[in-house]
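Taking it in order: structure first as C-alpha coordinates, then the write-up.
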Amino acid sequence: MPLFWRIFLLNAAVLSAATTLLLFTPASVSTAATPAEAARVFAALAVMLLANAALLRVGLAPLARLTRTMATVDLLRPGRRLAVTGNSGIAALVRSFNTMLERLEAERATSAGRALTAQEDERRRIAQELHDEVGQSLTAVLLELKRVGDHAPEEVRAELREVQETTRNSLDEIRRIARRLRPGVLHELGLTSALRSLATEYSTRGVSVRARIEPDLPDLAEDAEPVFYRVAQEGLTNTARHARAEQVELSLRRTPGGGVELLVRDDGRGLRGAPEGAGIRGMRERALLAGAELTVGASPAGGTEVRLRLPARTPEMGVATDAEPAPLARG
(Lines give C-alpha, C1' and ligand atoms only; values in the text may rest on other atoms or scores of the structure.)
Protein backbone atom coordinates (compact mmCIF):
# COMPACT_ATOMS: atom_id res chain seq x y z
CA MET A 1 0.00 0.00 0.00
CA PRO A 2 1.42 3.43 -0.89
CA LEU A 3 2.51 5.59 2.03
CA PHE A 4 -0.11 8.23 1.22
CA TRP A 5 -3.01 5.80 1.52
CA ARG A 6 -1.56 4.24 4.65
CA ILE A 7 -1.46 7.61 6.44
CA PHE A 8 -4.88 8.52 5.06
CA LEU A 9 -6.45 5.31 6.37
CA LEU A 10 -4.86 5.75 9.79
CA ASN A 11 -6.38 9.21 10.11
CA ALA A 12 -9.71 7.99 8.66
CA ALA A 13 -9.85 5.21 11.26
CA VAL A 14 -9.42 7.68 14.11
CA LEU A 15 -12.03 10.09 12.71
CA SER A 16 -14.49 7.25 12.00
CA ALA A 17 -14.16 6.05 15.57
CA ALA A 18 -14.90 9.55 16.84
CA THR A 19 -17.92 9.88 14.53
CA THR A 20 -19.28 6.50 15.69
CA LEU A 21 -18.99 7.56 19.31
CA LEU A 22 -20.92 10.77 18.58
CA LEU A 23 -23.68 8.92 16.73
CA PHE A 24 -24.26 5.95 19.03
CA THR A 25 -23.55 7.35 22.49
CA PRO A 26 -25.53 9.80 24.63
CA ALA A 27 -22.82 12.42 24.14
CA SER A 28 -24.20 15.70 22.79
CA VAL A 29 -23.35 19.38 22.60
CA SER A 30 -25.83 22.19 23.13
CA THR A 31 -26.02 25.28 20.95
CA ALA A 32 -24.17 27.10 23.66
CA ALA A 33 -21.78 24.44 24.96
CA THR A 34 -21.63 24.05 28.67
CA PRO A 35 -18.27 23.80 30.40
CA ALA A 36 -18.77 20.07 30.97
CA GLU A 37 -19.59 19.48 27.29
CA ALA A 38 -16.57 21.51 26.17
CA ALA A 39 -14.34 19.52 28.51
CA ARG A 40 -15.64 16.24 27.06
CA VAL A 41 -15.06 17.48 23.46
CA PHE A 42 -11.50 18.58 24.20
CA ALA A 43 -10.81 15.32 26.02
CA ALA A 44 -12.05 13.36 23.01
CA LEU A 45 -9.88 15.55 20.73
CA ALA A 46 -6.81 14.86 22.89
CA VAL A 47 -7.50 11.11 22.77
CA MET A 48 -7.83 11.24 18.96
CA LEU A 49 -4.58 13.18 18.61
CA LEU A 50 -2.71 10.76 20.86
CA ALA A 51 -4.10 7.75 19.02
CA ASN A 52 -3.20 9.29 15.69
CA ALA A 53 0.34 10.09 16.87
CA ALA A 54 0.86 6.56 18.19
CA LEU A 55 -0.37 4.96 14.98
CA LEU A 56 1.77 7.24 12.82
CA ARG A 57 4.85 6.55 14.94
CA VAL A 58 4.38 2.81 14.46
CA GLY A 59 3.66 3.19 10.76
CA LEU A 60 6.62 5.51 10.06
CA ALA A 61 9.19 3.79 12.30
CA PRO A 62 11.10 2.33 9.30
CA LEU A 63 11.45 5.85 7.90
CA ALA A 64 13.01 6.99 11.17
CA ARG A 65 15.56 4.17 10.95
CA LEU A 66 16.25 5.12 7.35
CA THR A 67 16.83 8.75 8.34
CA ARG A 68 19.29 7.79 11.08
CA THR A 69 21.21 5.54 8.70
CA MET A 70 21.35 8.23 6.03
CA ALA A 71 22.76 10.68 8.58
CA THR A 72 25.53 8.30 9.74
CA VAL A 73 26.41 6.26 6.66
CA ASP A 74 30.07 6.41 5.61
CA LEU A 75 31.21 4.97 2.30
CA LEU A 76 34.65 4.35 3.81
CA ARG A 77 33.00 1.84 6.16
CA PRO A 78 30.96 -0.24 3.71
CA GLY A 79 28.56 -3.07 4.40
CA ARG A 80 25.98 -1.30 6.54
CA ARG A 81 22.46 -2.08 5.38
CA LEU A 82 18.92 -1.58 6.70
CA ALA A 83 16.61 -4.50 7.41
CA VAL A 84 13.72 -4.51 4.96
CA THR A 85 10.63 -4.17 7.17
CA GLY A 86 7.34 -2.32 7.17
CA ASN A 87 4.60 -2.09 4.58
CA SER A 88 5.23 -2.46 0.88
CA GLY A 89 5.81 1.26 0.26
CA ILE A 90 8.38 1.67 3.03
CA ALA A 91 9.95 -1.71 2.26
CA ALA A 92 10.42 -0.62 -1.35
CA LEU A 93 12.04 2.62 -0.15
CA VAL A 94 14.44 0.70 2.14
CA ARG A 95 15.35 -1.69 -0.66
CA SER A 96 16.01 1.24 -2.98
CA PHE A 97 18.24 2.84 -0.34
CA ASN A 98 20.23 -0.38 0.12
CA THR A 99 20.64 -0.69 -3.64
CA MET A 100 21.82 2.91 -3.83
CA LEU A 101 24.42 2.24 -1.10
CA GLU A 102 25.71 -0.80 -2.99
CA ARG A 103 26.04 1.23 -6.17
CA LEU A 104 27.76 4.13 -4.40
CA GLU A 105 30.19 1.82 -2.63
CA ALA A 106 31.06 0.09 -5.91
CA GLU A 107 31.56 3.43 -7.66
CA ARG A 108 33.61 4.75 -4.74
CA ALA A 109 35.84 1.66 -4.80
CA THR A 110 36.33 1.97 -8.56
CA SER A 111 37.16 5.68 -8.45
CA ALA A 112 39.43 5.21 -5.43
CA GLY A 113 41.27 2.43 -7.24
CA ARG A 114 41.85 4.63 -10.25
CA ALA A 115 42.98 7.55 -8.10
CA LEU A 116 45.38 5.43 -6.06
CA THR A 117 46.79 3.81 -9.19
CA ALA A 118 47.38 7.25 -10.69
CA GLN A 119 48.96 8.36 -7.42
CA GLU A 120 51.34 5.41 -7.37
CA ASP A 121 52.28 6.05 -11.01
CA GLU A 122 52.96 9.71 -10.22
CA ARG A 123 55.06 8.75 -7.20
CA ARG A 124 57.03 6.34 -9.34
CA ARG A 125 57.64 9.04 -11.95
CA ILE A 126 58.75 11.62 -9.36
CA ALA A 127 61.01 9.11 -7.64
CA GLN A 128 62.60 8.21 -10.95
CA GLU A 129 63.24 11.87 -11.76
CA LEU A 130 64.70 12.51 -8.30
CA HIS A 131 67.00 9.54 -8.69
CA ASP A 132 68.02 10.12 -12.29
CA GLU A 133 68.06 13.90 -12.56
CA VAL A 134 68.58 15.47 -9.14
CA GLY A 135 70.59 12.56 -7.74
CA GLN A 136 72.99 12.47 -10.65
CA SER A 137 73.36 16.25 -10.61
CA LEU A 138 74.27 16.24 -6.92
CA THR A 139 76.67 13.36 -7.49
CA ALA A 140 78.38 15.41 -10.20
CA VAL A 141 78.55 18.38 -7.81
CA LEU A 142 80.21 16.17 -5.17
CA LEU A 143 82.80 14.97 -7.64
CA GLU A 144 83.49 18.51 -8.80
CA LEU A 145 83.83 19.74 -5.20
CA LYS A 146 86.31 16.96 -4.51
CA ARG A 147 88.33 17.89 -7.60
CA VAL A 148 88.33 21.56 -6.64
CA GLY A 149 89.20 20.71 -3.04
CA ASP A 150 92.23 18.71 -4.11
CA HIS A 151 93.68 21.79 -5.84
CA ALA A 152 92.43 24.48 -3.46
CA PRO A 153 94.57 26.25 -0.87
CA GLU A 154 94.62 24.74 2.60
CA GLU A 155 92.56 27.58 4.14
CA VAL A 156 89.73 26.93 1.63
CA ARG A 157 89.67 23.13 1.90
CA ALA A 158 87.89 23.13 5.28
CA GLU A 159 85.03 25.18 3.86
CA LEU A 160 84.87 22.98 0.77
CA ARG A 161 84.65 19.89 2.98
CA GLU A 162 81.68 21.42 4.79
CA VAL A 163 79.99 22.10 1.46
CA GLN A 164 80.73 18.52 0.41
CA GLU A 165 79.17 17.16 3.59
CA THR A 166 76.06 19.31 3.14
CA THR A 167 75.73 18.16 -0.47
CA ARG A 168 76.22 14.53 0.57
CA ASN A 169 73.50 14.85 3.23
CA SER A 170 71.17 16.40 0.68
CA LEU A 171 71.85 13.53 -1.71
CA ASP A 172 71.09 10.98 1.02
CA GLU A 173 67.85 12.80 1.84
CA ILE A 174 66.79 12.82 -1.82
CA ARG A 175 67.51 9.10 -2.07
CA ARG A 176 65.48 8.48 1.09
CA ILE A 177 62.54 10.46 -0.31
CA ALA A 178 62.78 8.54 -3.59
CA ARG A 179 62.71 5.22 -1.69
CA ARG A 180 59.62 6.30 0.18
CA LEU A 181 57.90 7.38 -3.01
CA ARG A 182 58.80 4.19 -4.84
CA PRO A 183 59.78 1.37 -2.46
CA GLY A 184 62.01 -0.71 -4.74
CA VAL A 185 62.49 -3.34 -2.03
CA LEU A 186 58.75 -4.04 -2.12
CA HIS A 187 58.77 -4.81 -5.84
CA GLU A 188 62.08 -6.67 -5.76
CA LEU A 189 62.00 -8.64 -2.49
CA GLY A 190 58.34 -8.61 -1.40
CA LEU A 191 56.27 -7.32 1.48
CA THR A 192 58.13 -9.08 4.29
CA SER A 193 61.50 -7.54 3.44
CA ALA A 194 59.88 -4.17 2.74
CA LEU A 195 58.25 -4.06 6.19
CA ARG A 196 61.51 -5.00 7.91
CA SER A 197 63.28 -2.26 5.97
CA LEU A 198 60.55 0.17 6.96
CA ALA A 199 60.95 -0.76 10.64
CA THR A 200 64.72 -0.22 10.39
CA GLU A 201 64.25 3.16 8.73
CA TYR A 202 61.89 4.48 11.40
CA SER A 203 63.97 3.06 14.26
CA THR A 204 66.61 5.67 13.50
CA ARG A 205 64.26 8.55 14.38
CA GLY A 206 64.22 8.22 18.14
CA VAL A 207 61.58 5.48 18.10
CA SER A 208 62.24 1.77 18.60
CA VAL A 209 60.22 -0.20 16.03
CA ARG A 210 60.03 -3.94 16.64
CA ALA A 211 59.00 -5.99 13.60
CA ARG A 212 57.24 -9.32 14.12
CA ILE A 213 56.48 -11.04 10.83
CA GLU A 214 55.34 -14.65 10.69
CA PRO A 215 57.09 -16.85 8.14
CA ASP A 216 54.04 -18.86 6.96
CA LEU A 217 51.98 -16.05 5.47
CA PRO A 218 49.62 -16.62 2.52
CA ASP A 219 50.70 -15.18 -0.78
CA LEU A 220 49.15 -11.75 -1.33
CA ALA A 221 47.98 -10.50 -4.69
CA GLU A 222 50.12 -7.95 -6.47
CA ASP A 223 47.67 -5.12 -5.80
CA ALA A 224 47.32 -6.02 -2.10
CA GLU A 225 51.00 -5.81 -1.12
CA PRO A 226 51.27 -2.02 -1.78
CA VAL A 227 48.16 -1.50 0.36
CA PHE A 228 49.75 -3.24 3.36
CA TYR A 229 53.01 -1.38 2.83
CA ARG A 230 51.40 2.06 2.52
CA VAL A 231 49.19 1.51 5.57
CA ALA A 232 52.23 0.47 7.62
CA GLN A 233 54.18 3.46 6.28
CA GLU A 234 51.39 5.92 7.11
CA GLY A 235 50.93 4.40 10.57
CA LEU A 236 54.64 4.71 11.37
CA THR A 237 54.73 8.24 9.95
CA ASN A 238 51.85 9.33 12.18
CA THR A 239 53.55 7.72 15.16
CA ALA A 240 56.85 9.49 14.49
CA ARG A 241 55.16 12.87 13.97
CA HIS A 242 52.40 12.97 16.55
CA ALA A 243 52.44 10.09 19.05
CA ARG A 244 55.59 10.90 21.06
CA ALA A 245 56.03 7.16 21.42
CA GLU A 246 59.12 5.23 22.45
CA GLN A 247 58.14 1.70 21.47
CA VAL A 248 56.26 0.63 18.32
CA GLU A 249 55.18 -2.86 17.35
CA LEU A 250 54.87 -3.70 13.66
CA SER A 251 53.48 -7.18 13.07
CA LEU A 252 52.16 -9.16 10.13
CA ARG A 253 50.50 -12.48 10.81
CA ARG A 254 48.08 -15.05 9.50
CA THR A 255 44.58 -14.87 10.97
CA PRO A 256 42.74 -18.01 12.12
CA GLY A 257 40.45 -17.85 9.08
CA GLY A 258 43.36 -17.92 6.64
CA GLY A 259 43.58 -14.17 6.05
CA VAL A 260 46.38 -11.69 6.81
CA GLU A 261 46.49 -9.01 9.51
CA LEU A 262 48.81 -6.01 9.82
CA LEU A 263 49.18 -4.31 13.20
CA VAL A 264 50.95 -1.04 14.04
CA ARG A 265 50.77 -0.37 17.79
CA ASP A 266 52.59 2.31 19.82
CA ASP A 267 52.81 3.43 23.45
CA GLY A 268 52.35 7.13 22.72
CA ARG A 269 49.76 9.63 23.85
CA GLY A 270 46.90 8.18 21.75
CA LEU A 271 44.28 9.83 19.58
CA ARG A 272 42.73 11.97 22.35
CA GLY A 273 39.51 12.40 20.42
CA ALA A 274 41.21 13.97 17.42
CA PRO A 275 39.19 13.77 14.18
CA GLU A 276 40.40 11.55 11.37
CA GLY A 277 42.76 13.41 9.08
CA ALA A 278 43.73 12.88 5.47
CA GLY A 279 46.25 10.20 6.41
CA ILE A 280 43.73 7.90 8.11
CA ARG A 281 41.14 8.47 5.41
CA GLY A 282 43.78 7.63 2.84
CA MET A 283 44.43 4.36 4.67
CA ARG A 284 40.72 3.60 4.59
CA GLU A 285 40.65 4.24 0.85
CA ARG A 286 43.51 1.80 0.35
CA ALA A 287 41.85 -0.79 2.57
CA LEU A 288 38.70 -0.58 0.45
CA LEU A 289 40.80 -1.07 -2.67
CA ALA A 290 42.09 -4.40 -1.32
CA GLY A 291 38.78 -5.46 0.21
CA ALA A 292 40.30 -5.23 3.71
CA GLU A 293 38.97 -3.85 7.00
CA LEU A 294 40.82 -1.02 8.75
CA THR A 295 40.32 -0.11 12.41
CA VAL A 296 42.07 2.74 14.24
CA GLY A 297 41.69 2.99 18.00
CA ALA A 298 43.38 2.85 21.37
CA SER A 299 46.05 0.25 22.06
CA PRO A 300 46.37 -1.70 25.35
CA ALA A 301 49.46 0.37 26.20
CA GLY A 302 47.44 3.59 25.96
CA GLY A 303 48.71 4.65 22.56
CA THR A 304 47.26 4.15 19.10
CA GLU A 305 46.58 0.92 17.26
CA VAL A 306 46.16 0.58 13.50
CA ARG A 307 44.86 -2.81 12.39
CA LEU A 308 44.41 -3.87 8.77
CA ARG A 309 42.73 -7.23 8.28
CA LEU A 310 42.33 -8.91 4.91
CA PRO A 311 40.08 -11.99 5.02
CA ALA A 312 40.82 -15.18 3.13
CA ARG A 313 39.87 -14.84 -0.52
CA THR A 314 40.31 -16.55 -3.81
CA PRO A 315 43.64 -15.89 -5.56
CA GLU A 316 41.91 -13.49 -7.95
CA MET A 317 40.67 -11.33 -5.07
CA GLY A 318 43.79 -11.09 -2.95
CA VAL A 319 44.60 -13.94 -0.54
CA ALA A 320 44.70 -17.61 -1.31
CA THR A 321 42.12 -19.73 0.49
CA ASP A 322 42.82 -22.80 2.58
CA ALA A 323 41.37 -25.00 -0.15
CA GLU A 324 44.51 -24.43 -2.24
CA PRO A 325 47.76 -24.15 -0.27
CA ALA A 326 49.44 -20.85 -0.93
CA PRO A 327 53.21 -20.44 -1.31
CA LEU A 328 55.22 -18.55 1.24
CA ALA A 329 55.47 -14.79 0.95
CA ARG A 330 58.48 -13.47 -0.84
CA GLY A 331 61.40 -12.20 1.15
(request) Could you rank the peptides 190-197, 39-46, 226-233, 125-132 by their average count of other C-beta atoms within 10 Å per residue, with the highest value first? (result) 226-233, 190-197, 125-132, 39-46
(request) Using a Förster distance of 35 angstrom, determine the FRET efficiency expected from the C-beta separation of R103 and F8, and round it to 0.05. (result) 0.60
(request) Give the value in nm², to one decimal: projected area of the alpha carbon convex hull of segment 166-221, averaged over all directions. (result) 4.9
(request) Could you work out how far apart the two model spin labels at T67 and R124 are, taking each label as a point 7 Å from the Cα in the direction of the beta carbon, and quote it in nm? (result) 5.0
(message) Once ligands and nucleic acids are excluded and a 1.4 Å probe is used, how much of S16 is accessible, expressed in Å² to the nearest 10?
(response) 70
(request) Give the ranking of V185, V84 by solvent-accessible surface, highest area first, calculated with a 1.4 Å probe. (result) V84, V185
(request) Could you sort 207-213, 93-99, 273-279 so that the peptide with the highest average Cβ count within 10 Å comes first and the rest follow in order? (result) 207-213, 93-99, 273-279
(message) Considering only protein heavy atoms and a probe of 1.4 Å, how much of the accessible area of segment 151-244 is carbon and sulfur, as a whole percent?
(response) 47
(request) Take every DSSP beta bridge with both residues inside segment 176-270 and express the antiparallel ones as a percent of the total, to the nearest 5. (result) 55
(message) Quick check: pseudo-label points 7 Å beyond the Cα along Cα→Cβ at A274 and E144, how many nm apart are they?
(response) 4.3
(message) Using 0.36 nm times the number of residues separating A18 and S203, minus their current alpha carbon distance, what extension gain do you get?
(response) 58.7 nm
(message) Per 0.36 nm of contour for each residue apart, how much would the distance between T25 and E165 grow if the chain were fully extended, relative to their Cα-Cα spacing?
(response) 39.9 nm
(message) For segment 119-272, what does the relative contact order come out to in percent, with C-alpha contacts under 8 Å and a separation of six or more?
(response) 19
(request) Kindly list the residues of segment 126-151 that lie in the label zone of D172, defined by a backbone N under 17 Å from the point 7 Å along the Cα-to-C-beta vector. (result) 135, 138-139, 142-143
(message) Under a crude label model (7 Å from the Cα following the beta-carbon direction), how far is A92 from R241 in nanometres?
(response) 5.0
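The values are calculated or read from the model by the stated rules, or taken from the named source; none is laboratory data. Keep in mind the model is a prediction, meaning the values are calculated, not measured. Glycine gets a Cβ as well: all are built from the backbone with ideal geometry, and neighbour counts include every protein chain shown. Note: areas computed on protein heavy atoms with side chains; ligands, DNA, RNA excluded. Shrake-Rupley method; radii C 1.70, N 1.55, O 1.52, S 1.80 Å.
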